[in-house]
1. Can you list the aspartates and glutamates whose alpha carbon is less than 20 Å from that of Lys242, not counting same-chain residues fewer than 8 positions off?
2. Assigning unit charges at the beta carbon (Lys, Arg +1; Asp, Glu -1) and nothing else, what dipole magnitude in debye, to the nearest 20, does the chain show about its Cα centre?
3. Of the heavy-atom accessible surface of the chain (probe 1.4 angstrom), what whole percent is carbon and sulfur?
4. For a Förster distance of 22 Å, can you work out the FRET efficiency between the beta-carbons of Asp206 and Arg180, rounded to the nearest 0.05?
5. How would you classify the range 190-329 from its alpha-carbon gyration tensor, with a ≥ b ≥ c the square roots of the eigenvalues: rounded for a/c under 1.5, else prolate if a/b is greater than b/c, otherwise oblate?
6. Using helices alone, I'd like the mean residue ellipticity at 222 nm for the chain: each DSSP H run of four-plus residues gives -39500 (n - 2.57), total over residue count, nearest 500.
7. By the scheme Lys and Arg +1, Asp and Glu -1, what is the net charge of all other residues having a beta-carbon under 14 Å from that of Ala108?
8. Need the C-alpha centroid separation for the range 31-108 versus the range 190-252, integer Å.
Amino acid sequence: MRQLIYYISEQMNPWRNLAIEEALLMKVPKDTVILYLWRNQRTVVIGRNQNCFAECNVKCLEEEGGYLARRLSGGGSVYHDDQNLNFTFLANAEDYNVDMQMEVILRAVKSFGLNAEKTGRNDITIDGRKFSGNAFYQNKEKCYHHGTLLIHTDSEVMSRYLNVSGEKLKSKGVASVKARVVNLGELSPEITVETMKKAMLQAAEDVYGIAPVKADAGVCDQELIARLEKKNASWEWRYGRKIPFTWEKERRFAWGNVHIRLDVNEGVIQQAVIYSDAIDVEWIAALADYMVQKRFRSPLVTETLETDMTKERSMILKDIELMMMEEEE
């Protein structure tokens, strides 16, 4: 390896930051390691093969102005805010060394007097409490290793977005494994986002024996980044992945009991069944047929049924739509 390049993102849009990451992967030169440092604002990032509806309270996240993002790598869901520093090591296969990359993180944290250790393949902990989750991706001859460094992340908000329970949702996607987490800033008052950036750059220089150089414009293809950002922001990429699941919920209303089961794939309802003791039997059956091929958890699911719409049917429609849109606390 002949050069160590660093790139620090100055903005916090996750769709763009992940686009920069992917573009850097495509453009990483031979004999080079790129260290990319970045932050996102109020974001849940899910793994490539995860079901966002099983992993995240999507409705709460989006209502509060947050972002849902999907990354290229596998692994579990993570919460990012401006007090979480993300890192990515990008290299061609011959320059890619996970042990050295892990050592950079360990040295950076240990420089503050903390005894960090690698646990298993994906986590870095202090006294059994996780502050860094790691994931890995390889595209032909190019690889990256990225992860989180919790500095002063809001754990209350994290729990509100990531903890999903109560609904019957059987998914074939990969599920996250919950773990006890800790903010590094709680363990050392010297640790801030800015001091950790400096510590990571110094640790990288120590481990690789090469002074890191700031990335030049040639490494950052702006047109490519713009195209990748558009993909990352798209409904198809975030929600429409081919991860089939079954969603089921039952509720009692003034007009009767209703039990709905939906088979969903690529974010679209493939089959709908409604069981109900409501008097309006034929209309309830027609409602189930109408849901097919609508996007899951979209107002379009029960947008309109204009034929013979009565006041009571309008009330039933509103109740069912709200039931389908809400997420369990």
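1. Cross-link targets: Glu55, Asp263, Glu266.
2. 740
3. Carbon plus sulfur share of accessible area: 48 percent.
4. 0.15
5. It is prolate, given that a/c is not under 1.5 and a/b is the larger ratio.
6. -9500 deg cm²/dmol
7. Result for the neighbourhood of Ala108: -1.
8. Value for the Cα centre distance between the two parts: 5 Å.
The values are calculated or read from the model by the stated rules, or taken from the named source; none is laboratory data. The model shown is predicted, which means the values in this text are computed figures rather than measured ones. Cβ sites come from the backbone with ideal geometry, for glycine too, and all protein chains shown count toward neighbours. SASA here: full protein model, heavy atoms, side chains in, ligands and nucleic acids out. Shrake-Rupley method; radii C 1.70, N 1.55, O 1.52, S 1.80 Å.
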